[in-house]
Amino acid sequence: MKLTSVTLAAALIGSAAFAAEVGPKEVKFNDDSAIEMSLTGVAGDAANGAVIMATRSKGNCVACHQITALSAPFQGNVGPSLDGASDRWSAGELRGLVVNAKMMFEGSVMPAFYRVDGFTRPGDGYTGKAGTEPLPPILTAQEIEDVVAFLTTLKDE
Ligand code: HEC
């Protein structure tokens, strides 16, 4: 009897966490181009966020930004240094910037990391026509939260 209720509770918690995830099309920006609510309701893992930011196939933020706290080589200067980013931006603004920087900076070259429509689609390898399958966002909701968690650690002393 006891085991059953524990299992049920675990199942309920699991589905509640799933239902709480905000999909790329449901993201709500406020008037300051910020997203106040967590996309997942699960606290971000800053250490994993640092890995994502330095990984070419994930955030690859270091291709355009210099970040002293990351030891990644060959950091770019297309965008501003992210040192002290959390002194300049709130967590909600940082989330908004990573989800879709074009909300804050119109025409930005920074990729929208949590978006599935509204951009030119890559063509099919054989026909050259745009594909029809929905493209997944570059980062998952939890990866966005992890990156935001790392960005909020970037303070100037
Ligand atoms: C293709 C280049 C490019 C990539 C990749 C890129 N950014 Fe940016 N980012 C920019 C540019 C350029 C700006 C400056 C705003 C503008 O004018 O577009 C910017 C601005 C920002 C800002 C605000 C700058 C400030 O004042 O602190 C943050 C925060 C930021 N980016 C975070 C990230 C994160 C996190 C990633 C990876 C997940 C990332 N960027 C990937 C180009 C890039």
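Brief remarks on what is shown
- With respect to (1) open to solvent by 80 Å² or more (accessible area, probe 1.4 Å); (2) at pLDDT 95 or above; (3) under 21 Å from LEU154 (Cα atoms); (4) more than 8 Å from the ligand (Cβ to nearest atom), the lone exception for ASN77 is condition (2).
- Assessment of the stretch 80-90 against the conditions (crowded, with 21+ Cβ neighbours inside 10 Å and part of a helix (DSSP H, G or I)) yields at least one matching residue.
- Residue list for the stretch 129-150, restricted to those being away from the ligand (no atom under 12 Å from the Cβ), modelled with pLDDT of 75 or more and over 8 Å from the mean Cα position of the chain (by Cα): LYS129, LEU135, PRO136
- Residue match in the stretch 112-125 (condition: near the ligand (Cβ under 8 Å from one of its atoms) and open to solvent by less than 30 Å² (accessible area, probe 1.4 Å)): yes
- Inter-residue pairs, beta-carbon under 7 Å, first acidic (Asp, Glu) and in the stretch 131-155, second open to solvent by less than 10 Å² (accessible area, probe 1.4 Å) and within 12 Å of the ligand (Cβ to nearest atom), 6+ apart: GLU143/ILE52; ASP146/GLY49; ASP146/ILE52
The values are calculated or read from the model by the stated rules, or taken from the named source; none is laboratory data. This structure is a prediction, so every number in the text was calculated from the model and none was measured. All Cβ positions, even for glycine, are placed from backbone atoms using ideal geometry, and neighbour counts span all protein chains on display. Ligands, DNA and RNA are stripped out before the accessible areas are found, and what is left, the full protein with its side chains, is counted by its heavy atoms. Shrake-Rupley method; radii C 1.70, N 1.55, O 1.52, S 1.80 Å.
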